[in-house]
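J.: Dropping the structure in here first, questions after.
The values are calculated or read from the model by the stated rules, or taken from the named source; none is laboratory data. Since we're looking at a predicted model, the values are computed, not measured. Here the Cβ positions follow ideal geometry from the backbone for every residue, glycine too, while neighbour counts run over all protein chains shown. With ligands, DNA and RNA removed, areas are computed over all heavy atoms of the protein, side chains included. Shrake-Rupley method; radii C 1.70, N 1.55, O 1.52, S 1.80 Å.
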Amino acid sequence: MSQRIKIKALLESTTTDIDVTVKGWVRTFRNNQFIALNDGSTNNNIQVVVDFENANPALLKRLTTGAAISVFGRLVASLGKGQTVEVKAHTIEILGDSDPEKYPLQPKKHSLEFLREIAHLRFRTNTFGAIFRVRNSLAYAVHQFFQEKGFVYLHTPIITSSDAEGAGETFHVTNFDLLNIPKTDTGEADYKQDFFGRATNLTVSGQLEGELGAMALSDIYTFGPTFRAENSNTTRHLAEFWMIEPEMAFCDLVDNMDTAEALLKYVIAYALDKNKDDIEFLTQRLLEEEKQKPQQERSEMSLTEKLQFCLDNDFERLTYTEAIEILKESTPNKKKKFQYPVEGWGTDLQSEHERYLVEKYFKKPVILTDYPKEIKAFYMRQNDDGKTVRAMDILFPGIGEIVGGSQREERLDKLEQRMDEMNIPKEELWWYLDTRRFGACEHAGFGLGFERLVLFVTGMGNIRDVIPFPRFPKNAEF
Ligand code: ATP
Ligand code: MN
């Protein structure tokens, strides 16, 4: 028997009239004759034609949706619509039955909410097959982009004792018996007796450690899981998400923005090229979904057009201060349509404001820079105005913030002063401060939320649908 060929390769085959072995899961079996078979290598199914008159009826009965089968047969040119080749089966072997009465995935449209509850099986749908193949391509392209530029992939720790964002939204890591926690004289948990001899948590960002790498290797990037115990039940937040964090020595904010914009364009172009069928499928899916919405809420561009638009246009760059002026004067602000009115300089931007700038005002991706220091982290480089820092956020249509970054404060005195103002314990970050003591230089970096990128490229609306097994408040199933 010939070796198994994946369906993607079969469908692309230019030779016909050869014997092939193909394996996969039955999507549908109609007229006792046509099997639509899928093995996840592509969004498209191969049609297997069964010679039902000469087939064992007991076998035909077992060709149910979800069953795993192996087919040995002849690859022939197809007369049917929508395919160029099909397989005329000689023999069919059932590898794993699937009871049609009990199999949760029926050959019909299921809601995304329902599929989330059966996340262990949703990979077998067209939508999720496409999403996870696109996700895979994006991840590969991220590595390719940085590797081509000579960046070093650095593995920063998952368990750490620092809270890089200072937001206090960390998951504790402990080996204590929770019913019997050793206490200090003053009644607090005595972490000296814990596994690491100190309080530890899951990382919220690899940036601080990434900076240490950049201060020797020049350009590094991380690509790993991060954890935030933020109790935000939104379509943009997960408790466990993947982040890409480059950190570059001898680099200022403009270089930083250029790198981030180039990265986004590179990976989107890569997916558009590698995953044409998947993105075309997801584009149609979104069109269908948008038909349920009132006309004025539908997007002006299709998914493919949106992605292409993103490649063809420079991102709009402006300062936070300029953005506030635009928002203050905007129609929704004057008509009190924003849930959080924009009153003046200094307020943090909400996602409704970010989306107004991107979707209504500029109608393209936007990079905002030079935010008030009060709403940004301690490590961002201070501007001479004493009010703002060299921060940059990239805002995307439908998403809001997709990248957050900055030029880092390399001047020891300025950094220490800011840490004091913000009550950040300098002793604990002695190692971070050391890089400012020994060979400090201009440097910058950013964090790209990988799932927000996948959201954008797949046109999905909920971040829980672009990671295989989402973690969010009150959910850690699978
Ligand atoms: P937001 O304001 O949307 O909560 P943030 O300011 O907390 O974002 P950063 O700390 O700058 O975000 O993190 C860098 C990037 O990581 C963000 O631009 C975003 O793409 C992503 N990100 C942040 N929090 C989450 C989350 N909970 N789930 C998924 N991605 C996230
Ligand atoms: Mn956040």
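J.: Check cross-link reach from Lys192 to the lysines: straight Cα distance under 30 Å, and skip same-chain residues fewer than eight apart.
T.: Within the straight-line cut-off, Lys192 pairs with Lys183, Lys426.
J.: Using a Förster distance of 35 Å, how high is the FRET efficiency between Lys102 and Gln308, based on the Cβ-Cβ distance and rounded to 0.05?
T.: Plugging the Cβ-Cβ distance into 1/(1 + (r/R0)^6) gives 0.20.
J.: Test of understanding: what is the full-extension gain from Thr347 to Gln3, defined as 0.36 nm times their sequence separation minus their Cα-Cα distance?
T.: Details: separation 344, 0.36 × 344 = 123.84 nm, distance 6.29 nm.
Gain in length upon complete extension: 117.5 nm.
J.: Between Thr91 and Phe171, what is the FRET efficiency for a Förster distance of 60 Å, r being their Cβ-Cβ separation, to the nearest 0.05?
T.: With R0 = 60 Å, the Cβ-Cβ based efficiency is 0.70.
J.: Taking the simple approach of a point 7 Å from Cα along Cα-to-Cβ for both Arg198 and Gln292, what is their distance in nm?
T.: If labels sit at Arg198 and Gln292, their model points lie 5.0 nm apart.
J.: Tell me the label-point distance for the pair Gln339, Thr321, using the 7 Å Cα-to-Cβ offset, in nm and rounded to one decimal.
T.: 3.0 nm
J.: Find the accessible area per residue for the range 419-478; the probe is 1.4 Å, ligands and nucleic acids are left out, and the unit is Å².
T.: 43 Å²
J.: Could you check how much of the accessible area of the range 281-322 is carbon and sulfur, as a whole percent, using a 1.4 Å probe? Spell out each step's value before the answer.
T.: Working: 1220 of 2660 Å².
On the range 281-322, the fraction of accessible area on carbon and sulfur atoms equals 46 percent.
J.: Still on this model: Distance cut-off 24 Å, Cα to Cα: go down the list Lys337/Lys387; Lys109/Lys291; Lys276/Lys306 and report the pairs above it.
T.: With Cα atoms farther than 24 Å apart: Lys337/Lys387.
J.: What accessible area per residue, rounded to a whole number of Å², is obtained for the range 1-80 using a probe radius of 1.4 Å?
T.: 51 Å²
J.: Roughly how many Å² is the accessible area per residue of the range 221-378, as a whole number, for a 1.4 Å probe?
T.: Working: 7790 Å² over 158 residues.
On a per-residue basis, the range 221-378 sits at 49 Å².
J.: Next question, about the same structure. Work out, step by step, the length gained on full extension between Thr14 and Leu179: first 0.36 nm times the residue separation, then minus their alpha carbon distance; give nm to one decimal.
T.: Length gained, Thr14 through Leu179: 52.8 nm.
J.: Another question, if that's okay. Under a point-charge model restricted to the Cβ atoms of Lys and Arg (+1) and Asp and Glu (-1), what is the dipole moment magnitude of the chain relative to its Cα centre, in debye to the nearest 20?
T.: Working: 59 positive and 73 negative charges, 415 e Å.
Computed charge dipole of the chain: roughly 2000 debye.
J.: Considering only protein heavy atoms and a 1.4 Å probe, what is the carbon-and-sulfur percentage of the accessible area of the range 1-156? Walk me through the numbers before you get to the answer.
T.: Numbers: 4310 of 8420 Å².
Reported share for carbon and sulfur atoms: 51 percent.
J.: Please work out whether the range 94-134 counts as rounded, prolate or oblate from its C-alpha gyration tensor, where a ≥ b ≥ c are the square roots of the eigenvalues and a/c under 1.5 means rounded, while otherwise a/b larger than b/c means prolate and anything else oblate?
T.: oblate
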